[in-house]
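What follows is a set of notes on a single structure, which appears directly below.
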Amino acid sequence: MPRHWASWWSGNYADEGCTRPPFKTWVSGTRDRDEERDEQSLCAVVDA
């Protein structure tokens, strides 16, 4: 089965409907979104 890496930006803020996914992820970096919030670069391995 091929293995793929996926990555995306997320703030993981519940009031925006974003929380941690129900599978193993890694944070590979952060960036400023605005003065109050940051976003995380999340990545995961997907077997498909």
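The values are calculated or read from the model by the stated rules, or taken from the named source; none is laboratory data. Note that the structure is predicted; figures quoted are calculated from it, not measured. So basically every Cβ, Gly included, is an ideal-geometry build from the backbone, and we count neighbours across all protein chains shown. Heads up: the accessible areas ignore ligands, DNA and RNA and are worked out on the full protein's heavy atoms, side chains in. Shrake-Rupley method; radii C 1.70, N 1.55, O 1.52, S 1.80 Å.
Structure summary
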| read-out | value |
| --- | --- |
| Qualifying positions in the stretch 1-32 - of a type outside the set (Ser, Thr, Tyr), part of a loop (DSSP other than H, G, I, E, B), open to solvent by less than 90 Å² (accessible area, probe 1.4 Å) and touching a strand residue (DSSP E or B) at 6+ places or on another chain (Cβ under 6 Å) | 11, 18 |
| Matching residues in the stretch 11-43 - criterion: being small (Gly, Ala, Ser) and at pLDDT 90 or above | 28, 29, 41 |
